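The values are calculated or read from the model by the stated rules, or taken from the named source; none is laboratory data. None of the values given here were measured: they were computed from a predicted structure. No Cβ is skipped: glycine too gets one built from the backbone with ideal geometry, and neighbour counts run over all protein chains shown.
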Amino acid sequence: MPKSSHVLLGVCGGIAAYKSAELVREFQRRGAEVRVIMTRAAQEFVRPLTFASLTGHKVFTSLWDTSGGHDAAVIEHIAEAQWADVLVIAPATAHTIAKLAHGLADDFLSAAYLATTAPLVLAPAMNVNMLNHAATRANLLVLEQRGHRIVSPGSGYLACGMTGDGRLADTEAIVRASLEQANPPSDLAGETVLITAGGTREPIDPVRFLGNRSSGRMGYALAAAAERRGARVILISATTALTPPARCEFLPVETAEDMHAAVLYRLPEATVVIKAAAVADFRVRQVASTKLHRDGPLTLELEPTEDIVRSVAEHRRSGTLVIAFAAEMGMDTARAREKLRGKGADAIVLNDISREGIGFDSDRNAAVFLTDEAEVHLGESSKEEIASRILDQVPALRTHHLLAQ
């Protein structure tokens, strides 16, 4: 982390504002210089003096502060916007998110956002119902589509007394995302990373299918993270509600057979393959040509689908790394290693889907990265952070692969 990196931290009004003091300290520990902007509501939770003492800099609280002279006050938000290598807003409230999405600029923070060309990192924190409201979701989507980094909130007991998503993300996840935006790593430059995502759908009749609860978030997080690290990314995805990263090459598929064909078609271009999709293990042997009617019990005859990881391992060119995923009810590393050996992959990511709030259809995950010789616990965090931790292992895996040849 270069000593000259400049972090402009925006603090909004919410109970999580006190955690922003921890963020300042962690940024400083990583060698960054931090300056702080506080909204008026944030000052109801934490005093500006706290951040002034931690940073050694003036805390910006108003566009109309004339303590430094009228001319300085008029352009201060421009100067700070130009100073920043990254603008981080944590906690980001629903109100501020809405202002940024709609381009409003009625305070120091929103004006600095419009004035900066630095990347933006947002860490939302709010009541679960506010977070899930259609307006907030739409505003976050707008900001994400602009290329801004959203660090997903955690789940748990909230200050309002409710339980659910809305807790400020872990300090480590926010700091890591911010520093990656300020100084994008390029350790995957020259790699072509083929990633699969989402849950496949196996038709029963023209209107029904067998599916699973995969949201695709893990694969899409991997695609976005690999792209930021300099890789060319090919994303092959089953049906999801997600928007692919802007610069990746996107191939939509539906069934396991479709995904198998698409992966093998693009495999010669790949230097790394990450199989994060939840591919159906079985399909209906005989798909009905017309809609089935509810006339009584129904028996479906199933047959196994193609093992895509094994096919990739068999058909890959020399030097291509293959990383599989194993979704298990608990952290059964012995079973995951058995899968690793059976499929011929170089590594496997064991992710726990047994606990509520992690795994399928969640913003969080808990995982272990396994090779024949090593076991790296990636911990529990947002899927964006887990994606970064998985990609951290690729350079070492590449080196080990070269030495083994």
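Side notes on the structure shown:
- Residues in the range 286-310 that are closer than 30 Å to Ala270 by Cβ, acidic (Asp, Glu) and assigned to a loop (DSSP other than H, G, I, E, B): Glu306, Asp307.
- For the range 190-200, a residue qualifies if it is surrounded by fewer than 24 Cβ atoms within 10 Å (Cβ to Cβ) and either within 17 Å of the chain's Cα centre (by Cα) or farther than 10 Å from Ala278 by Cα (or both), and the qualifying residues are Gly190, Glu191, Thr192.
- Residue match in the range 260-270 (condition: assigned to a loop (DSSP other than H, G, I, E, B), in contact with a His (Cβ under 8 Å, 6 or more places away or on another chain) and surrounded by 15 or more Cβ atoms within 10 Å (Cβ to Cβ)): no
- Selection count, the range 203-232, where residues are in contact (Cβ under 8 Å) with a residue 24 or more places away in the chain and either in a helix (DSSP H, G or I) or in contact with a Phe, Trp or Tyr (Cβ under 6 Å, 6 or more places away or on another chain) (or both): 14
- The combined condition, being touching a Gly at 6+ places or on another chain (Cβ under 8 Å), more than 25 Å from Leu235 (Cα to Cα), modelled with pLDDT of 90 or more and in a loop (DSSP other than H, G, I, E, B), is not fulfilled by Ala189.
- Residue among Met126, Met162 that is in contact with a Pro (Cβ under 9 Å, 6 or more places away or on another chain) and either of a type outside the set (A, V, I, L, M, F, W, C) or touching a residue at least 24 places away in the same chain (Cβ under 8 Å) (or both): Met126
- Test: Ala313 is over 30 Å from Gly190 (Cβ atoms), in contact with a helix residue (DSSP H, G or I) (Cβ under 9 Å, 6 or more places away or on another chain) and hydrophobic (A, V, I, L, M, F, W, C): no
- Residue check for Leu122: within 21 Å of the chain's Cα centre (by Cα), surrounded by fewer than 21 Cβ atoms within 10 Å (Cβ to Cβ) and of a type in the set (A, V, I, L, M): no
- Qualifying residue in the range 30-37 (condition: modelled with pLDDT under 95, surrounded by fewer than 24 Cβ atoms within 10 Å (Cβ to Cβ), hydrophobic (A, V, I, L, M, F, W, C) and over 26 Å from Met130 (Cβ atoms)): no
- Qualifying residue in the range 273-282 (condition: in a loop (DSSP other than H, G, I, E, B) and surrounded by fewer than 18 Cβ atoms within 10 Å (Cβ to Cβ)): yes
- Of the set (1) buried (at least 20 other Cβ atoms within 10 Å of the Cβ); (2) over 24 Å from Asn351 (Cα atoms), all apply to His315 but (1).
- Considering the range 1-41, the residues that are of a type in the set (Val, Ile, Thr) and part of a strand (DSSP E or B) include one that is farthest from Ala98 (Cα to Cα), namely Val34.
- Residue in the range 170-178 that is more than 20 Å from Ala17 (Cβ to Cβ), outside the structural domain of Ala277 (by TED's automatic domain parsing) and at pLDDT below 95 present: yes
- From the list Thr240, Thr255, the one residue that fits, being of a type in the set (Val, Ile, Thr) and over 30 Å from Ala173 (Cβ atoms), is Thr255.
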